[in-house]
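Reading through the structure tokens given below for one structure.
Read-outs throughout are calculated quantities, based only on the coordinates presented, and are distinct from any laboratory measurement. What you are looking at is a predicted structure, and each value in this text was computed from that prediction instead of being measured. Glycine gets a Cβ as well: all are built from the backbone with ideal geometry, and neighbour counts include every protein chain shown.
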Amino acid sequence: MGRAIVEIEDEIRRLSPKAQERLLRVLLEELDGPPDADAEVAWLEEIQRRSREIDEGSVKTVPAREVFAKLRQRLKVHGG
């Protein structure tokens, strides 16, 4: 087997923050696997559908401040 993980971790800690970030991105991309070619198209269709629903008035929008206020309240109630 190659170098011990501890040696690699020490070497990573000696890298500049920018190099650490680059390494992290590469590792995350590696773990995520190949990109889903259909994901971007699916998200675009979802965005268009939601926009159309708002324009048609078939859904009610909720201001972000109201959403976050309700969320904060729920977290307090449930001990968060």
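What the table shows:
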quantity	calculated
For the chain, alpha-carbon Rg and Dmax in angstrom	22.1, 62
Lys, Arg +1 and Asp, Glu -1 on Cβ, resulting dipole of the stretch 12-80 about Cα centre, debye, nearest 20	840
Distribution of pairwise C-alpha distances over the stretch 27-72, 5 Å bins, in %	5, 17, 11, 14, 15, 13, 15, 9, 1
Theoretical gain in end-to-end length, residue 25 to residue 72 [0.36 nm per residue, Cα-Cα removed]	13.7 nm
Cross-link partners of residue 60 among lysines (Cα-Cα below 19 Å; sequence separation of 8 or more within a chain)	70
FRET efficiency estimate (nearest 0.05) - Cβ-Cβ, residue 50 to residue 11, R0 41 angstrom	0.35
DSSP-assigned coil residues among trypsin sites (Lys or Arg not before Pro) in the stretch 1-53, each with at most 13 further Cβ atoms within 10 Å	3, 14
Positive-end residue of 41, 77, 61, charge dipole of the chain with Cβ unit charges	77
CD proxy at 222 nm, helix term only [per DSSP H run n ≥ 4: -39500 (n - 2.57); per residue of the chain; nearest 500]	-23000 deg cm²/dmol
